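Take a look at the structure below.
What follows draws every value from the coordinates through simple rules; no lab data is involved. The model shown is predicted, which means the values in this text are computed figures rather than measured ones. Backbone-built Cβ (ideal geometry, glycine too); neighbour counts: all protein chains shown.
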Amino acid sequence: MINNKPIVGISGSVYKDANGRFPGYRLSFVNEDYVTSVENEGGVPFIIPVTTNKQVISNQVDQIDGLVLSGGVDVNPLSYDEEPLQNQGAILPERDEFEIELVRATIDAGKPVFAICRGMHILNIAYGGTLYQDIEYISEPAIKHEQESSPWVESHTVHMEEGSYLHELFGEKVLTNSFHHQVVKDVAPDFTVTARADDGVIEGMEKKGDRSVFAVQWHPEMMTTKHENMRKLFNDFVERVASNLKVVK
Ligand code: MN
């Protein structure tokens with residue numbers, strides 16, 4: 001039971017309105033299932049809009065107790081010193097800049113971070129890691145990671161590394177959805193792999209010596225209403241943010 005309801009920031013994105021009165025107008029948004037997944041476990045969700053003003057980002061971090069780094073479009077390969085290859089997808093460079101600064105500032109402030117899909121890629125890059133710009137650039141044949149079924153459908157198996165936070169939460173393995181064509185290549189030095197798919201693709205990471213900073217490659221927020229086990233990630237995160245608050249105060 002949480003007495004002190006923690007404020008959980010969710011990194012936002014920019015959506016260019018396709019229809020409506022002002023086509024092309026820029027909207028600040030997150031998918032609603034991030035909001036409900038946090039709220040259903042006792043957290044108070046806040047959407048954090050994209051900005052590249054470092055002072056504003058610092059002020060945003062002051063207002064939150066923990067951060068969910070959300071999913072979205074591909075990360076700009078220039079952010080990890082690679083030129084774009086043929087299969088690189090659309091990018092939103094200002095969002096990369098925003099989230100890299102946001103996640104570093106949140107971790108510097110000692111606040112928990114839960115990174116999802118693109119969020120895991122941003123977390124990895126922010127601390128010196130790199131990506132495969134497309135799964136086809138992995139030399140070994142990979143399983144299908146861009147499922148074509150509904151968002152909540154369990155699509156492939158994820159195996160947890162023993163001793164990791166994800167192993168503690170899920171045990172040996174879990175079934176997940178999968179909506180990514182980019183994959184973590186070099187793991188940032190401060191991080192360790194906590195989960196992999198059958199083909200070796202990295203599906204989870206955590207910060208060495210700090211389990212309150214962790215990431216998953218799949219989209220648990222899309223699964224929470226249909227698969228009770230995925231609520232554990234949000235429930236445990238919200239509790240973690242709440243107990244971290246008590247330590248800080
Ligand atoms: Mn996958």
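Tally the residues that are assigned to a helix (DSSP H, G or I) and either hydrophobic (A, V, I, L, M, F, W, C) or without any contact (Cβ under 8 Å) to a residue 12 or more places away in the chain (or both), restricting the search to the range 47-61.
Residues flagged as assigned to a helix (DSSP H, G or I) and either hydrophobic (A, V, I, L, M, F, W, C) or without any contact (Cβ under 8 Å) to a residue 12 or more places away in the chain (or both) within the range 47-61 amount to 5.
State which residue is surrounded by the most Cβ atoms within 10 Å (Cβ to Cβ) when the search covers only the range 212-242 and only residues that are in a strand (DSSP E or B) and in contact with a Pro (Cβ under 9 Å, 6 or more places away or on another chain).
Across the range 212-242, the extreme among qualifying residues is Phe214.
Can you name the residue in the range 137-160 that is surrounded by fewer than 17 Cβ atoms within 10 Å (Cβ to Cβ) and among the polar types (S, T, N, Q) and, of all such residues, is farthest from Glu221 (Cα to Cα)?
Here the answer is Ser139.
In the range 197-220, which residues are more than 9 Å from the ligand (Cβ to nearest atom), under 14 Å from Gly71 (Cβ atoms) and touching a helix residue (DSSP H, G or I) at 6+ places or on another chain (Cβ under 7 Å)?
Result: Ala215, Val216, Pro220.
Select from the range 200-211 the residues that are assigned to a loop (DSSP other than H, G, I, E, B) and either in contact with a Cys (Cβ under 7 Å, 6 or more places away or on another chain) or in contact (Cβ under 8 Å) with a residue 60 or more places away in the chain (or both) and write down the one among them that is farthest from His121 (Cα to Cα).
Gly200
Within the bounds of the range 161-177, is there any residue that is within 20 Å of Gly89 (Cβ to Cβ), loosely packed, with under 14 Cβ neighbours inside 10 Å and within 9 Å of the ligand (Cβ to nearest atom)?
No - not one qualifying residue is present in the range 161-177.
Could we say that Val187 is in a loop (DSSP other than H, G, I, E, B), surrounded by fewer than 17 Cβ atoms within 10 Å (Cβ to Cβ) and away from the ligand (no atom under 12 Å from the Cβ) here?
It is true that Val187 is in a loop (DSSP other than H, G, I, E, B), surrounded by fewer than 17 Cβ atoms within 10 Å (Cβ to Cβ) and away from the ligand (no atom under 12 Å from the Cβ).
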